[in-house]
Amino acid sequence: MKTSPLISEALSPEKIMEKIDILFYITSAVAVISTIMVITRYHAVHALLYLVVSFLSIALIFYFAGAPFIAALEVIIYAGAIMVLFIFVVMMLNLGPRTMEQERGWTTPAIWIGPSILSAVLLVAFMTVLMNNPAEDTGLNLVGVQEVGISLFTEYLLAVELTGLLLMAAIIGAYHLGSREKKIYHRYLEKTDQ
């Protein structure tokens, strides 16, 4: 049975760490490139596609650093939930038939080439690490769910509570910004629904 040159049973821990370092730098380059593409894109939909790639590459960086739980949270929370929220906001702001035609022009198949190439690079890097299983061979200290929970609710409890308050203030602010009341300048100009 032939094995890939990237994946071999006879690799020493030093060789595996060298490959992980190389993959780390490749993933970091993908993160930087995709983040630059987010900043420089004119259309919001294009920027959102590259933002998903940026979030995925940051998740891989966390995974390479020995924090698979944080990597999973990065994918679930940022690349999943927050991106759905961003896309929902973009869809809410672009109402009308004219903007629907404009969005169709924005999402042509050629737009997917850049994010697809960057995502393929990330997939190759991730599969290489999964096949090598570096945690057993190199003695990486993996951070699990229990360690994160204990750390968040003992050492960083104040930061967690302040973040909760900040998110609550953001939700209240978004509610007030979203619920605009009609200004009535005179009572005779007010329309009634009777």
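No value in this document is a laboratory result; all are computed from the given coordinates. This structure is a prediction, so every number in the text was calculated from the model and none was measured. In this analysis, Cβ positions are derived from the backbone assuming ideal geometry, glycine residues included, and neighbour counts consider all displayed protein chains.
In what sequence, highest mean first, do 15-26, 152-163, 74-85 appear when ranked by Cβ atoms within 10 angstrom? The partial results should precede the final answer.
On the way: 15-26: 16.3, 152-163: 10.7, 74-85: 14.3.
Answer by packing, highest mean first, reads 15-26, 74-85, 152-163.
What FRET efficiency comes out for the pair L162/I87, r = Cβ-Cβ distance, R0 = 30 Å, nearest 0.05? It would help to have the intermediate numbers written out before the result.
Working: r = 29 Å, r/R0 = 0.96.
After rounding, the FRET efficiency stands at 0.55.
Mind jotting down the distance between the C-alpha centroids of region 142-163 and region 58-83, whole Å?
16
Want the number for I77 to T108: 0.36 nm per residue separation, take away the alpha-carbon distance, what's left?
Numbers: separation 31, 0.36 × 31 = 11.16 nm, distance 2.71 nm.
Between I77 and T108, full extension yields 8.4 nm more.
When the chain is fully extended, how far beyond the present Cα-Cα distance does Y25 get from F153, taking 0.36 nm per residue of separation? List each step's numbers first, then the result.
Working: separation 128, 0.36 × 128 = 46.08 nm, distance 3.26 nm.
So the extension gain works out to 42.8 nm.
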